[in-house]
Amino acid sequence: SQTIHQWPATLVQPVGSPLSLECTVEGTSNPNLYWYRQAAGRGLQLLFYSVGIGQISSEVPQNLSASRPQDRQFILSSKKLLLSDSGFYLCAWSRQSNQPQHFGDGTRLSIL
Amino acid sequence: KNEVEQSPQNLTAQEGEFITINCSYSVGISALHWLQQHPGGGIVSLFMLSSGKKKHGRLIATINIQEKHSSLHITASHPRDSAVYICAVSPSPFYNTDKLIFGTGTRLQVFP
């Protein structure tokens, strides 16, 4: 069966520090991968998605970047965090577009 | 106006009650998703449907494509059903995007 792992579960970082959140999927190959952010009291917002290694689509211009160095690994990064980067970050995968998405447990990021 | 609207925003119920959550959308879609987000933040995909009705245990999802409306029903509600229920749509290929469009969610609390 397929599983998705996302870590860390919680993270507290100072403004201006770098960020690296990692997501890995097991039990499937060539999945679509997604990074979402959920700000407090807001709906889910798609940040990045990837249909293959090295292929990243950015949905929202921002302070963040994503990379897919391996087929089942998706990394969300920032060189310098802003206060507005606080939120709940979720990774998800699907077999193809227009297929159900399966979510990780999320990372709660607080910027001080 | 959001492209995906949910109602109500908040819902409280007594254990055993029949619950209905509504979702209306304004774009052409290829599929509609119902997701459940538990208090810890983790998200589970409940249903993906493009027509008719689907049932899983005490949960029933219906969609009316002509009216651009979907409902999620919970029969014999239980406190463990307490969560945020999120409606999301996959826009039709006409829109040339893989991006899901999310509603802001319905927060359900079921009291014993």
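Each reported figure results from applying straightforward, stated rules to the coordinates on display, with no laboratory input. Given the structure is predicted, the values throughout are model-derived calculations rather than measurements. Note that each Cβ is placed from the backbone with ideal geometry, even for glycine, and that neighbours are counted across all protein chains shown.
Listed values, structure above:
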{"quantity": "Quotient of C-alpha Rg and 2.2 N^0.38 Å, computed over the stretch A:42-112", "calculated": "1.13"}
{"quantity": "Total formal charge among the other residues, if their Cβ is under 14 angstrom from that of residue B:16, Lys/Arg +1 and Asp/Glu -1", "calculated": "-1"}
{"quantity": "The stretch A:1-101: Cα Rg divided by the 2.2 N^0.38 Å rule of thumb", "calculated": "1.04"}
{"quantity": "Residue A:30-residue A:59 pseudo-label distance in nm [points 7 Å out on the Cα-to-Cβ vector]", "calculated": "2.3"}
{"quantity": "Relative contact order for the stretch A:1-49, counting Cα pairs under 8 Å that sit 6 or more residues apart, in percent", "calculated": "32"}
{"quantity": "Tail beyond 18 Å, pair distance distribution of the stretch B:60-112 (Cα, percent)", "calculated": "47"}
{"quantity": "Simple Cβ-charge dipole of chain A, Lys/Arg +1 and Asp/Glu -1, about Cα centre, in debye nearest 20", "calculated": "180"}
{"quantity": "Charge dipole magnitude, Cβ of K and R +1, D and E -1 - chain B, Cα centre, debye nearest 20", "calculated": "160"}
{"quantity": "Relative contact order %, chain A, counting alpha carbon pairs below 8 Å whose residues are six or more apart", "calculated": "36"}
{"quantity": "Stokes-Einstein D (µm²/s) once Rh is taken as the Kirkwood radius of the protein assembly as shown over alpha-carbon pairs, at 10 °C in 1.306 mPa s", "calculated": "88"}
{"quantity": "3J(HN,Hα) from dihedral phi, the stretch A:15-30, Karplus parametrisation 6.51/-1.76/1.60, rounded to Hz, x for glycine, proline", "calculated": "4, x, 7, x, 9, 8, 10, 10, 9, 10, 10, 10, x, 8, 10, 6"}
{"quantity": "Longest segment of chain A lacking trypsin sites (Lys or Arg not before Pro) that sit in a DSSP loop with at most 13 other Cβ atoms within 10 Å", "calculated": "A:1-41"}
{"quantity": "Value of relative contact order over chain B, rounded to a whole percent, pairs C-alpha under 8 Å and six or more apart", "calculated": "37"}
{"quantity": "Size of electric dipole in the protein assembly as shown: Cβ of Lys, Arg +1 and of Asp, Glu -1, about Cα centre, debye, nearest 20", "calculated": "80"}
{"quantity": "Cα point-scatterer Debye curve for chain B, base-10 log of I(q)/I(0) at q = 0.11, 0.12, 0.14 Å⁻¹", "calculated": "-0.32, -0.38, -0.52"}
{"quantity": "Distance from the stretch A:49-112 to the stretch B:31-54 (C-alpha centre basis), Å", "calculated": "20"}
